[in-house]
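Notes for the one structure printed next.
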Amino acid sequence: MTPAARLAAAIDILDQILAGAPAERTLTNWARGARFAGSGDRAAVRDLVFDALRCRGSFAALGGGTGGRALMLGALRAAGTDPAGLFTGLGHAPAELSAAEAVAPVPPADLEALDWPDWLRPRLSADLGTAFAETSALMRARAPVFLRVNVARTDRAAAIATLAAEGIGARPHPLAETALEVTDGARRIAASAAYRDGLVELQDAASQAAVAMVPCAEGAGVLDYCAGGGGKALALAALHPGARITAHDIDAGRMADLPARAARAGARIARAAPGRVQGTFDTVLVDAPCSGSGTWRRTPDAKWRLTAERLDALVALQGEIVATAGHFLRPGGRLVYMTCSLLRAENEDRVADLQTLGWQPETMRRFLPSDGGDGFFVAVLRRDRSA
Ligand SMILES: C[S@@+](CC[C@H](N)C(=O)[O-])C[C@H]1O[C@@H](n2cnc3c(N)ncnc32)[C@H](O)[C@@H]1O
C-alpha cells in the first residue's frame, strides 16, 4: 500500500471507531478484508489509528474537524507534513483537500492538554498538579513494551540473551528488578520460545513494581480477589514461590487462561469460583476495576468512552469490592489496593475512605508515565487493632 492508501484506510477505520465500534475489532475486521495489505501495511495503519485516538483532541484542532479525515489531516500537520501531497484523490489516496481544508488552523497554545476529554481535563490537572503537563505530553505517545522476567525460572541477563537469540532486543528497566524494556522486535514476542516457555510475560513495568510492594512472607496465604487473567497473581508467584496464592474474580471467564499461563510459568495458583472464597488470608490484593486512565496509551479509545457517570459508578464499585475483600483477611493481615488509574477519586480518595473504616496505609505509591511505565497506584493497608 502507498502511504496515501494507508491514510485512506485509517480514515475509514477511524470513522467506524468514532461511530462507536471497538478499536481492536475494527482493525482486525479491516485486516481480514484487506488481502492486499502486508504485515508492514497492517502495522502502519494500526499505528495511524492508535496515534489518532491518543491525540484525538489535538489532531482535531489541527485538522479542523472531528471525523477520521480531519484527524489524519491533523496528524500530518502535527508531523510537519503538508497534507496536499498525500490527499491527491489519485489511486487509493484520500480525496483532494477542499478549499477550507487546505487552510491550516492556528494551533491553540495548550495543544497537548486537548488530548484529554473536556470533562476530565480540569480534574486531572488538579489531581496531577505540577505533573499534569508532562503526563499529558507522555500520554500522547505510544507506550513502551515491557516484559516481566519470570525470576522463578531465569534471571534478567539470561532472559536478555535468550530473547536476543530470537531477534528481540531488551534491556533492564529501573522501575522493577524483574522488568525488561523491549527495544526491538516487539512483534516477535508472542511467537518466541522465551515467551512460550514461560521465561517472560508481557507486563507493564509499573504493575511489576507494584507487585514487588505486596507484603508476602514465606509460605503466606494470598488472595488475589480481582485476579482477571492473573497478571498480578503470576508476578507474585514468581517473586514468592513459597506463597499459597488463590485467584478469584467475579467473572470466572476472565480467569479461563490462568491455568495455562500458570503451567507455562511453572507457578501454582489455586482458583476460587466467583463468590466462593474459603478461609482467611495473610494478604488480600484488590486490583480493582477502574477507569484504566493510566493505561490509555495502550487503549486510547477507552479514554474517550469514559464518562463522569461511569467514573462515579466505578468509584462506588471499588468501595464495595474492597469492603467485601477485607472480610477475607486474617487479623493483622494486609490489604493491598491497586488501580491502573491516574485519578485521585480512584486512588488516594479510596484510601481516605478506608481510613475512616479503620484502615491505615503503611505504604502508598503513585506511578506516573514519567517513571517509565503506565500510570498506576498501590496502597498497602493494615487495620487498626481498635477498629
Ligand atoms: C483491573 S482488572 C484485574 C486485572 C488482573 N488483576 C491482572 O493483573 O491481570 C479488574 C478485575 O476485577 C473484576 N471484578 C469486577 N467486579 C468484581 C467484584 N465485585 N468482585 C471481584 N472481582 C471483580 C473484573 O472482572 C476484572 O477482571
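The values are calculated or read from the model by the stated rules, or taken from the named source; none is laboratory data. Values in this document were obtained by computation on a predicted structure and should not be read as measured data. Cβ sites come from the backbone with ideal geometry, for glycine too, and all protein chains shown count toward neighbours. Areas reflect the complete protein model, heavy atoms only, side chains present, ligands, DNA and RNA absent. Shrake-Rupley method; radii C 1.70, N 1.55, O 1.52, S 1.80 Å.
Output yes when any residue across the stretch 88-107 is more than 20 Å from I11 (Cα to Cα), open to solvent by 40 Å² or more (accessible area, probe 1.4 Å) and not acidic (D, E), and no when none is. Yes. Being crowded, with 20+ Cβ neighbours inside 10 Å, assigned to a helix (DSSP H, G or I) and touching an Asp or Glu at 6+ places or on another chain (Cβ under 8 Å) is true of S207. No other residue among A288, A260 is out of contact with any His (no Cβ under 6 Å at 6 or more places or on another chain) and more than 12 Å from the ligand (Cβ to nearest atom) apart from A260.
Go through L342, L329, L285, L239 for me and flag whichever is more than 20 Å from the chain's Cα centre (by Cα) and within 19 Å of A209 (Cβ to Cβ).
On the way: L342 fails: more than 20 Å from the chain's Cα centre (by Cα); L329 fails: within 19 Å of A209 (Cβ to Cβ); L285 fails: more than 20 Å from the chain's Cα centre (by Cα).
Unique residue meeting the criteria: L239.
For the subset of the stretch 219-246 comprising residues that are assigned to a loop (DSSP other than H, G, I, E, B) and within 12 Å of the ligand (Cβ to nearest atom), which member is nearest to I269 (Cα to Cα)? Applying the filter and picking the extreme gives G230. Within the stretch 305-331, residues that are open to solvent by 20 Å² or more (accessible area, probe 1.4 Å) and part of a helix (DSSP H, G or I) have Cβ atoms under 8 Å from residues that are more than 13 Å from the ligand (Cβ to nearest atom) and of a type in the set (D, E, K, R) in these pairs: V315/D349; V315/R350; G319/R350; G319/D353, counting only partners at least 6 apart in sequence or on another chain. What are the residues in the stretch 9-25 that are in contact (Cβ under 8 Å) with a residue 60 or more places away in the chain and within 23 Å of the chain's Cα centre (by Cα), if any? A10, I17, P22, A23 - these are the residues of the stretch 9-25 that are in contact (Cβ under 8 Å) with a residue 60 or more places away in the chain and within 23 Å of the chain's Cα centre (by Cα).
Does S58 fit the bill of being touching a Leu at 6+ places or on another chain (Cβ under 6 Å) and small (G, A, S)?
Against the criterion (touching a Leu at 6+ places or on another chain (Cβ under 6 Å) and small (G, A, S)), S58 qualifies.
In the stretch 109-127, the residues that are in a helix (DSSP H, G or I) reach residues that are among the basic types (K, R) with C-beta atoms within less than 7 angstrom, at least six apart or across chains, in these pairs: E112/R140; A113/R121; D115/R54; D115/R56; D115/R140; D127/R344. Going through the stretch 263-278 one residue at a time, which ones are among the aliphatic types (A, V, I, L, M), surrounded by fewer than 20 Cβ atoms within 10 Å (Cβ to Cβ) and within 14 Å of the ligand (Cβ to nearest atom)? Across the stretch 263-278, the qualifying residues are A273, V277.
Restricting to the stretch 345-361, what's the tally of residues that are more than 16 Å from G326 (Cα to Cα) and not in a helix (DSSP H, G or I)? Spell out the reasoning first.
Quick first cut of the stretch 345-361, residues more than 16 Å from G326 (Cα to Cα) only: 345-349.
Now narrow it down to the ones that are not in a helix (DSSP H, G or I): 347.
Counting residues in the stretch 345-361 that are more than 16 Å from G326 (Cα to Cα) and not in a helix (DSSP H, G or I) gives 1.
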